[in-house]
Amino acid sequence: MNRNPSNEPPVNPLFVGRLIGMAILVFVVIVLLWSGTYIVQPGYRGVAVTLGKVSPDFKPEGFGFKQPFITHIQPMSVRQQTQPMPAECYSSDLQQVKMEVRVLYRVPERSVVKIFQEYAGEPFDNLIAPRVQEAIKEVAASMSAEQIVKKREEVKIKALDLAQKKIGTNFLEVIDIVLYNLTLSPELEQAIELKMVQEQEAEKAKFTQLKAQIEADTAIIRAKGEAEAIQVRGQALRDNPDFIRLQIVQNWNGKSPLVVGAESGANMLLSLDELDKHSAPTPTRQTRNPPQSKPLPKSR
C-alpha cells in the first residue's frame, strides 16, 4: 500500500542537517563580527575594558576591531559640555548670597582613560562642582554683598581662575563659568537700591556743578580775551594814530561819512551832502516897491 499519495520524494535527513549547520555557522560568523568590531562616534573617544582591565590608550573615533565577547568599548565625550549648579556663599559683611552657576568644561583626550577610571566617566558632580563652589565661596568672602552684585564680572573672573588652579588644567579644562540670578535678602536689596539712587543723584548734582563751573570759567576767559583785545587796540591807537584812518577805510560802506557841525549853538552830525546844502548862499528876495528914504529935516 502506498503511504505517499502526493508522490513527493522523501526528505533526506542529512540534507536538512547540513542546512541547519550552515545557518548556525552564518549566525556564529555574524555574532563574531559584531562582537569583534566597534565604532566610535565623532566627538567621542573609546576606552577599552578587557575582563575588567582598562587599556591605557584610548580608541580614536571611527571603525576598529576588538577581542570578541571579552572586550568592551566605553565611549567618552570630548566635546564642550555645560552643566548648571546652584551656589551659595557669604560675603565679607556676613550676608548670604545665592546664585545660579553654569559651568562650561570639556574632557581632553589625554585625560579620557583617567577620568573613566577615577570618576566613572562623570567628573562634574565629583570633581568640578565642589571645586567651583569652593572657589566662589573664597572670592565672595573677600567682598561685600554690594560689591558681589555690582562687580559680578570680577567675581566670575577670580572664581574661574581659582577653580582652574584647584582642578588642574592638565586634567580637566574648565572653560568658563556664568553667574546669574543673584539673590539677596529683601532688606539688603532695598538698602542697596536706595544707596544706588543716592549715588546717582549725587553724580547728577556733581555734573551740574561741574557744568556751571565750566561755564563760569569760559565767561571769565572770554572777558579776559575781550579786555586784552581792547588793550591791544588802545595801545595800537596810541602808537600809530593812522590806525584810525585804516579802520575807517576798512569799515566804509560807500556812503558819505558824517561830520560834526554846529548850528545855533547846538552840535549836530551832518553828512557831507547836508553840509553842502547848509553852506550854500541863500538868494535875496526883491520887493516890488522898495521903501523910499525920508528927507532929513532942514536946520534952521
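What tally of residues in the stretch 51-84 results from selecting those that are assigned to a strand (DSSP E or B) and over 30 Å from Lys137 (Cβ atoms)?
Qualifying residue count for the region: 17.
Pairs needed: first member in the stretch 150-179, buried (at least 16 other Cβ atoms within 10 Å of the Cβ); second member anywhere, aromatic (Phe, Trp, Tyr) and part of a helix (DSSP H, G or I); C-beta distance under 6 Å; at least 6 residues apart or different chains.
So the pair list comes out empty.
Within the stretch 91-107, track down each residue that is under 24 Å from the mean Cα position of the chain (by Cα) and either surrounded by fewer than 14 Cβ atoms within 10 Å (Cβ to Cβ) or over 30 Å from Gln80 (Cα atoms) (or both).
Arg102
Please find, within the stretch 116-168, the residue that is farthest from Ser55 (Cα to Cα) out of those that are in contact with a strand residue (DSSP E or B) (Cβ under 6 Å, 6 or more places away or on another chain) and among the basic types (Lys, Arg).
Looking at the filtered set, the residue picked out is Arg152.
If I ask for residues that are modelled with pLDDT under 90 and of a type in the set (Asp, Glu), which ones from the stretch 90-123 would you list?
Across the stretch 90-123, the qualifying residues are Asp93, Glu118, Glu122.
Tell me yes or no: at least one residue of the stretch 197-209 is of a type outside the set (Ser, Thr, Tyr), under 15 Å from Tyr90 (Cα atoms) and assigned to a helix (DSSP H, G or I).
no
Condition check: assigned by TED's automatic domain parsing to the domain that holds Asp176, without any contact (Cβ under 8 Å) to a residue 60 or more places away in the chain and touching a Gly at 6+ places or on another chain (Cβ under 9 Å). Does Ile115 satisfy that?
Criteria met by Ile115.
Looking at Ala48, Ala87, can you tell me which residue is modelled with pLDDT of 85 or more, touching a helix residue (DSSP H, G or I) at 6+ places or on another chain (Cβ under 8 Å), surrounded by 14 or more Cβ atoms within 10 Å (Cβ to Cβ) and assigned to a strand (DSSP E or B)?
Ala87
Only one of these conditions is not met by Arg79: (1) loosely packed, with under 11 Cβ neighbours inside 10 Å; (2) of a type in the set (D, E, K, R); (3) farther than 30 Å from Leu33 by Cβ. Which number is it?
That leaves (3) as the condition not met.
Run down Lys195, Lys224 and say which single residue is surrounded by 10 or more Cβ atoms within 10 Å (Cβ to Cβ), at pLDDT 80 or above and not assigned by TED's automatic domain parsing to the domain that holds Asp93.
Being surrounded by 10 or more Cβ atoms within 10 Å (Cβ to Cβ), at pLDDT 80 or above and not assigned by TED's automatic domain parsing to the domain that holds Asp93 holds for just one of Lys195, Lys224, which is Lys224.
Looking at the stretch 11-45 only, could you name the residues that are closer than 17 Å to Phe63 by Cβ and outside any strand (DSSP E or B)?
The first filter runs over the stretch 11-45 and keeps only residues closer than 17 Å to Phe63 by Cβ, leaving 30, 32-45.
Answer for the stretch 11-45, where residues must be closer than 17 Å to Phe63 by Cβ and outside any strand (DSSP E or B): Ile30, Leu32, Leu33, Trp34, Ser35, Gly36, Gln41, Pro42, Gly43.
The values are calculated or read from the model by the stated rules, or taken from the named source; none is laboratory data. The shown structure was predicted, so the numbers you read here are calculated from the model rather than taken from an experiment. Positions of Cβ are generated from backbone atoms using ideal geometry, with glycine treated the same way; all protein chains shown enter the neighbour counts.
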